[in-house]
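To start, the structure itself, in structure tokens.
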Amino acid sequence: MALTTAQLVDRYSAPVPRYTSYPTAPHFHDGITGETYAQWLKALPEDATLSLYFHIPYCDRLCWFCGCHTKHTLRYEPVADYLLALYAEMDWVSRQLAGRGTVTAIHLGGGSPTLLKPADLLALKRKIADGFTLSPEAEISIEIDPNDLDEGRFDAFAEFGLTRASIGVQDFDITVQKAINRLQSYEQTAAVVQAVRSRGVRSVNLDLVYGLPHQTLSALEKTVAKALLMEPDRCALFGYAHVPWMKPHQKMIDEATLPGRHSRFQQAQRAAEMFTWAGYRPIGFDHFARPGDSLAIAAENGTLKRNFQGYTDDAADALIGFGASAIGQFPQGYVQNIVATADYKRRVHEGKPATGKGVALTQEDRLHRHAIERLLCAFALRPEDFHEFGRAGANLFESAVLMAESDSDGLLTLSGNSVVVTDTGRPFVRAIAARFDQYLTLGAARHSLSV
């Protein structure tokens, strides 16, 4: 007898990773050192394409729902001081690269990178141009908090070369906003969208969140409707990850006001319906894009990927992370900078790499990462996806076939030679992908709900 939707939610909503890396960050270790990182940078070929991520770990208000590495400050001096450390790290990385590689993407995240003063934002761009070779077609994106902005910053974005604005919305309901300490009106947000578009920004992304305190289905419907009025090119619909054991400021949220897993599921499904009806293409399990957007094109042609920013069409050979807690991704593995800002600054000012930990990939890691990424990006596994892995790849695909053949819950099916996630299974794809995670039961890592 087929399970009801409620029964499926109960069975498959257990906490699992979001799989923005594999192995996931809890399995990084200090065996990956600054020397390792230097070797990986020096191994990049002359024609390597590079994606640069800059982490600005400061906010002028602390949103209680936030899961990022950031800290609250009402003074600009710590931010200006941090930029000097960022420049020192850039100098070190530039020396290791010795002119190799071309930057095809730049992303500023946080924290709130938009709290940077216009002069400092432009100084950062000059520093990037001085230390690295920039492609004239480089995609440049910045995470935007509408509360930080003024005309000078909008103009600085344009001079910086911004091509994609990623604007945090979360929810427009005032009760929800008060519960997460994030007041931001629709009118304020729409004005930001208009301001960046009037300065030539060709792509606007809006970030919405479901599962927030006091959030109801009807309130989320109103938020999605208002988001659609702004005609974004992309939207992300993230499930709130309540992890107060990792982010103590989330203890400010009354857990009794959080929607349960069934309500979270209903919210996610209803929002997805609204985006789909409005003509957006679903991208993976939590993104939506207009059909002509590069993310939708990547999903269509099979080049969609996942990294620490979620779903991406960034095809760079290496992602280099700058700043405290920033993570880089290389052919050899992952590297993460020291998380504590004071320790990070001290290390880079000594002329040393900021490396705190990481992980080197084994061939088995690469195989399982590929299977997880294909499930999350394409909702299918094909035998040809695993040819490069030889017998090990064939064995993994055979295990996936057995999963589909024995699946009595309707999440997986066989279609021709492929294992396909069904429409019923798509909302639970993280739980399906977790079956291929060899590290999931190792260690004491705790994760958020998978719906």
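Here, each number is a calculation from the coordinates, and none is a lab measurement. What you see is a predicted model; the values in this text were computed from it and never measured. Ideal geometry is used to build each Cβ from the backbone, glycine not excepted, and the neighbour counts take in all protein chains shown.
Results, tabulated for the structure shown:
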item: Cβ-based net charge around ALA219, under 15 Å, with every Lys or Arg adding one and every Asp or Glu removing one; result: +3
item: Charge-dipole axis of the range 165-271 as Lys and Arg at +1 and Asp and Glu at -1 on Cβ define it, positive-most pick from ILE180, GLY260, SER198; result: SER198
item: P(r) of the range 24-360 over all Cα-Cα pairs, binned every 20 Å from zero, in whole percent; result: 30, 61, 9
item: Computed magnitude of the charge dipole of the range 320-410 (debye, nearest 20; Cβ of K, R +1, Cβ of D, E -1); result: 780
item: Partner aspartates and glutamates for LYS42 [C-alpha distance under 17 Å; skip if fewer than 8 residues away on the same chain]; result: GLU89, ASP91, ASP317
item: The range 108-172: mean projected area of Cα convex hull, nm²; result: 4.7
item: Burial ranking of peptide ranges 226-238, 129-141 (average Cβ count within 10 Å, highest at the top); result: 226-238, 129-141
item: Virtual spin-label span in nm between GLN39 and GLN438, 7 Å along Cα→Cβ; result: 2.0
item: Antiparallel %, DSSP beta bridges [both residues in the range 24-360], to 5; result: 35
item: Most positive-pole-ward Cα, HIS287, GLY356, MET90, against dipole of the range 24-360 from beta carbon charges; result: GLY356
item: Extension gain (nm, one decimal) between ARG11 and ILE297, 0.36 nm per residue minus Cα-Cα; result: 99.6 nm
item: Additional length obtainable on full extension of the chain from ASP130 to GLU405, 0.36 nm per residue less Cα span; result: 93.4 nm
item: Under the span-like rule (Cα at least 30 Å along the axis, Kyte-Doolittle mean at least -0.5), DSSP H helices of the chain; result: 77-97
item: Distance histogram in 5 Å bins (all Cα pairs of the range 181-249, percent per bin); result: 3, 13, 22, 23, 16, 11, 8, 3, 0
item: Mean ellipticity per residue at 222 nm, deg cm²/dmol - from DSSP H runs of n ≥ 4 across the chain, formula -39500 (n - 2.57); result: -11500 deg cm²/dmol
item: Rg and Dmax of the range 270-330, Cα atoms only, in Å; result: 13.8, 41
item: Per principal axis, descending, Cα span of the range 304-420 in whole Å; result: 58, 27, 24
item: Stretchable slack from HIS387 to TRP277, in nm (0.36 nm times residue separation minus alpha-carbon distance); result: 35.8 nm
